[in-house]
Amino acid sequence: MSSAIKRGVSLYSYQNETFQGKMSLEDCIRTSAELGARGIEIIGEQTFWGWPEYGAADADVDNWHRLIAQYDCVPVSHDFMLDYKRYKGREMPFEEQVASVRNDIDFGARLGMKYIRALVSIAPEVLVAAAPHAEERGIKILIEVHAPLHFDHPWIIRHAEAFEKSGSDALGFLPDMGMFLFAFPPVWKERFLRLGVPQAIADYVVKAYEDRVLSEYVILNVQQMGGTGPAIAMAETLRHNAAFEPKRMLDHMSRIHNIHGKFYQMTEDYVEPSIPYDEIVKVLQQGGFQGYICSEYEGNRWIEDAEEPNSVEQVRRQQVMLARLLGETEVPSLKTPIAA
Amino acid sequence: MMDNKMIVEGSLQSVEGGFSFLGRLPYYRGLGLSMIEDIQVTVDGTVQPREAVRFAVRGRTYTLDEMETVYDNRWNFGEKATIIVLNGGLTPGAHAITFAVRYRVSYLPFVPTTKDTKELALAA
């Protein structure tokens with residue numbers, strides 16, 4: 001039996017190729033659709049040149065709608081940024097931040113999105129103030145719960161409380177699965193080794209992560225092992241990452257509407273070595289989640305110094321894994337190669 | 001990210017009063033120009049003065065000081081901007097160019113500087 005949970009892709013995943021002009025928007029959408037990942041999430045300003053400073057061209061937005069229809073896809077989320085540090089030396093005033101969010105709500109609606117994604121550093125008051133406009137436009141604003149933050153962090157609890165108090169159902173959460181990092185990612189370790197971290201220190205950090213040792217102890221131990229520069233940086237990744245538990249999402253299911261299927265590496269046998277997708281899918285099913293899990297490949301930046309990332313192959317592997325975990329009988333496969 | 005793709009290969013050219021090359025922002029999105037804090041160009045080990053640097057996209061050219069208050073234009077994702085250095089010009093042949101960009105990102109608790117160094121040849 002197939003699941004109520006649906007598969008999608010954040011086009012963030014293909015950034016290495018789109019940055020270089022090796023994949024067009026059509027390539028991204030067609031590739032995702034062929035894999036059966038029909039939910040499309042974008043970072044608006046990555047996909048649409050001009051947004052927000054000088055606006056997205058009508059022709060580009062028309063092209064978006066044409067491609068979504070042609071490949072039978074569904075617009076899911078426009079991830080907005082809200083650059084509240086736009087002005088040097090002073091933060092953007094509150095009312096201007098709210099107006100900026102309203103602008104992104106309108107852009108999300110123009111693209112046919114259901115959701116817009118707010119970065120986790122945005123204050124709850126800004127989102128609450130923008131909620132009535134979101135309701136009018138049929139959009140939900142989802143704050144991305146992303147490592148090092150997590151569902152038990154006071155900042156996220158403040159958001160949850162503000163959302164409840166507002167009474168608006170246009171406010172919710174978009175959890176990034178990177179917060180459930182249960183093992184130190186092999187691609188991170190390999191990168192730090194290339195940067196010159198001694199093997200013994202790299203092995204120690206990986207083991208300490210596995211043993212759930214407090215980050216500050218690991219950093220001190222690495223210093224005492226003679227670690228400098230990149231070795232300290234490797235230990236410091238433990239400050240920003242932890243193996244929080246997927247079941248912590250269960251208290252918030254009524255406000256969780258979209259999922260970032262973050263991954264750093266998919267092996268040839270369809271395993272993400274550091275993020276527990278079997279457990280994640282079980283929890284989401286238990287919680288009655290019916291939205292999209294959107295692939296978010298972030299291994300590119302960890303391997304690009306050594307090899308050219310192959311984002312499409314990485315996304316394909318993750319989609320095969322997700323389809324399996326969701327009980328789909330068909331194995332996702334690509335039909336059209338990307339022209340070089 | 002994309003650090004090694006900042007300088008566009010083969011893009012070094014002579015311009016009146018100096019030279020230019022194409023540069024990309026090493027980031028998964030673009031940025032409004034007011035958030036570009038500094039662009040530092042080093043040629044064969046010599047840092048070029050900030051005042052000598054110009055940034056041009058889509059037919060508009062800015063000094064780095066001007067960019068700090070530009071709110072209606074941006075350096076788009078993957079966009080090849082023309083980086084101009086008014087240093088009086090370079091001799092033909094190979095030059096080691098280092099291109100460093102410091103940019104202000106709202107959600108980051110630090111201000112990153114990212115750089116790329118490539119050897120580019122200037123045609124005679």
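No value in this document is a laboratory result; all are computed from the given coordinates. Bear in mind that the values here come from a model prediction, so they are computed numbers and not experimental data. Don't worry about glycine lacking a Cβ; one is built from the backbone with ideal geometry, like all the others, and counts go over all protein chains shown.
Could you figure out which of (1) farther than 16 Å from A:Ser24 by Cβ; (2) free of Cβ contacts under 8 Å to residues at least 60 places away in the same chain; (3) among the hydrophobic types (A, V, I, L, M, F, W, C) isn't true of A:Leu67?
Only one criterion is unmet by A:Leu67, namely (1).
Check off (1) part of a helix (DSSP H, G or I); (2) over 19 Å from A:Ile139 (Cα atoms); (3) at the interface with chain B (Cβ under 10 Å from one of its Cβ atoms) for A:Gly21 and give me the number that stays unchecked.
The number of the failed condition is (1).
If I filter the range A:27-45 for residues that are without any contact (Cβ under 8 Å) to a residue 60 or more places away in the chain, out of contact with any Phe, Trp or Tyr (no Cβ under 7 Å at 6 or more places or on another chain) and part of a helix (DSSP H, G or I), do I get at least one hit?
No, the range A:27-45 contains no residue that is without any contact (Cβ under 8 Å) to a residue 60 or more places away in the chain, out of contact with any Phe, Trp or Tyr (no Cβ under 7 Å at 6 or more places or on another chain) and part of a helix (DSSP H, G or I).
Residue under question is A:Asp305, and the condition is that it be more than 14 Å from chain B (Cβ to nearest Cβ) and not in a strand (DSSP E or B); does it hold?
Details: more than 14 Å from chain B (Cβ to nearest Cβ): no; not in a strand (DSSP E or B): yes.
The answer is no for A:Asp305.
Considering only residues that are touching a residue at least 24 places away in the same chain (Cβ under 8 Å) and outside any helix (DSSP H, G or I), look in the range A:190-212 and name the one that is surrounded by the most Cβ atoms within 10 Å (Cβ to Cβ).
Per the stated criteria, the residue is A:Val197.
Could you list all residues from the range B:83-113 that are small (Gly, Ala, Ser) and either over 30 Å from A:Val120 (Cβ atoms) or not in a strand (DSSP E or B) (or both)?
The initial filter retains those residues of the range B:83-113 that are small (Gly, Ala, Ser), namely B:88-89, B:93-94, B:96, B:100, B:106.
B:Gly88, B:Gly89, B:Gly93, B:Ala94, B:Ala96, B:Ser106, listed by residue number.
I'm told A:Gly112 meets every condition in (1) closer than 21 Å to A:Trp64 by Cβ; (2) outside any loop (DSSP other than H, G, I, E, B) except one. Can you identify the failing condition by its number?
That leaves (2) as the condition not met.
Of all residues in the range B:1-42, count the ones that are away from chain A (no Cβ under 14 Å) and crowded, with 17+ Cβ neighbours inside 10 Å.
The total comes to 8.
Could you tell me whether any residue of the range A:64-76 is of a type outside the set (Ser, Thr, Tyr) and within 14 Å of chain B (Cβ to nearest Cβ)?
Of the residues in the range A:64-76, the ones of a type outside the set (Ser, Thr, Tyr) are A:64-70, A:72-76.
Restricting the remaining residues to those that are within 14 Å of chain B (Cβ to nearest Cβ) gives none.
Within the range A:64-76, not a single residue is of a type outside the set (Ser, Thr, Tyr) and within 14 Å of chain B (Cβ to nearest Cβ).
Take the residues in the range A:286-340 that are acidic (Asp, Glu) and without any contact (Cβ under 8 Å) to a residue 60 or more places away in the chain; name whichever of them is nearest to A:Ser24 (Cα to Cα).
So the first thing to find is which residues in the range A:286-340 are acidic (Asp, Glu), and the list is A:296, A:298, A:304-305, A:307-308, A:313, A:328, A:330.
Still in the running and without any contact (Cβ under 8 Å) to a residue 60 or more places away in the chain: A:307, A:313.
Values: A:Glu307: 22, A:Glu313: 16 Å.
The residue in question is A:Glu313.
So which residues in the range A:215-259 are surrounded by 15 or more Cβ atoms within 10 Å (Cβ to Cβ) and more than 20 Å from A:Phe184 (Cβ to Cβ), if there are any at all?
A:Lys247, A:Arg248, A:Met249, A:Leu250, A:His252, A:Met253, A:Arg255, A:Ile256, A:His257, A:Asn258, A:Ile259, listed by residue number.
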